[in-house]
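I have placed the structure first, in the form of structure tokens, so that the comments after it can refer back to it.
No value in this document is a laboratory result; all are computed from the given coordinates. As the structure is a prediction and not an experimental result, all values here were calculated from the model. Here the Cβ is made from the backbone with ideal geometry for all residues, glycine too, and neighbour counts use every protein chain on show.
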Amino acid sequence: MLKRFASIIVAATLAFSGLAFTTGEQAEAATGKFAYSKVNGLNIRTAPSLSSKVTTTMNKGQRYTYLGKVGSFYKINYKGSHRYISASSTYTYLKANTKTATAKKVTTASASSARTKLVAESKKYLGTPYRYGGTTTSGFDCSGYTGHVYKKAINKSIPRDSRSQYANSKKVSKSAIQAGDLVFFSHNGSTIQHVGMALSKTQMINSETGGVKYASFTSGYWAPRYVGAGSYL
């Protein structure tokens, strides 16, 4: 019985170790770079040391996913295992994964396009009357307006009320606010009670008493009631 229990403990330990290794490797792989060889016959080693075992070699132009630097060696992912190659510029160099870089550019461009669409859509409703509980062009309340603009401009559904819109958004510092982000306010200092959409770092468009209109959130009525900002982009 004792022997069996010991076997279970060992197996569990190995399983846990394997999980930790996998998680760590996934995190390291996020460097988005490849390590390339400049020469033929570059040694691939089991450890970051010249005295470690050479398991195979790589040729000029061959690449492996770069996982980080350890001393004078690059750590690479070689067929699912950690291996090491010289980090000397004579033998190797690093280069970004162009697919990853392109994906980031596309994401940035998409967000910029979405912000432009949101601003254009929001201005279509200037003067639309305020209506408590309203979500249509016959009348909007504050969150009904922001939800309508997001849906029409970029086909994105966001929570119905201002408190939920704030709670579920990705928080943005005041200095980082961009057009299309949502700005939130409280009349009592604790509960989110109003939302508008930023057009700049100082101006928003919102549905309030008098209907859809422009307003400053850094001066005047809304400035002392400002709570925070959030993004759905």
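Can you sort Ser164, Ser231 so the residue with the fewest Cβ neighbours within 10 Å comes first? Present the calculation step by step, with values, prior to reporting the outcome.
Details: Ser164 13, Ser231 17.
Ascending Cβ contact count within 10 Å gives the list Ser164, Ser231.
Using each residue's phi in region 56-72, evaluate 6.51 cos²θ - 1.76 cosθ + 1.60 at θ = phi - 60° and report the 3J(HN,Hα) Karplus result to the nearest Hz, with x for Gly and Pro.
Karplus-based 3J(HN,Hα) across region 56-72 equals 6, 10, 10, 9, 4, x, 6, 9, 9, 4, 7, 10, x, 10, 10, x, 9 Hz.
Note the direction-averaged projected area, equal to a quarter of the hull surface, for the Cα convex hull of region 27-96, in nm².
Directional mean of the projected Cα hull area for region 27-96 stands at 4.2 nm².
How much FRET efficiency would the formula 1/(1 + (r/R0)^6) give for Ser110 and Thr135, where r is the Cβ-Cβ distance and R0 is 30 Å, rounded to 0.05?
Step by step, r from the Cβ atoms, then E = 0.70.
So for region 27-96, averaging the separation of alpha carbon pairs under 8 Å that are six or more residues apart and normalising by length, what relative contact order in percent results?
On the way: 160 pairs, mean separation 26.3, N = 70.
The normalised contact order for region 27-96 reaches 38 percent.
If you rank Leu94, Leu126 by fewest surrounding Cβ atoms within 10 Å, what's the result? Kindly include the intermediate steps, with their values, before the conclusion.
Working: Leu94 15, Leu126 11.
Least crowded to most crowded, the residues run Leu126, Leu94.
Under a crude label model (7 Å from the Cα following the beta-carbon direction), how far is Thr191 from Leu126 in nanometres?
3.4
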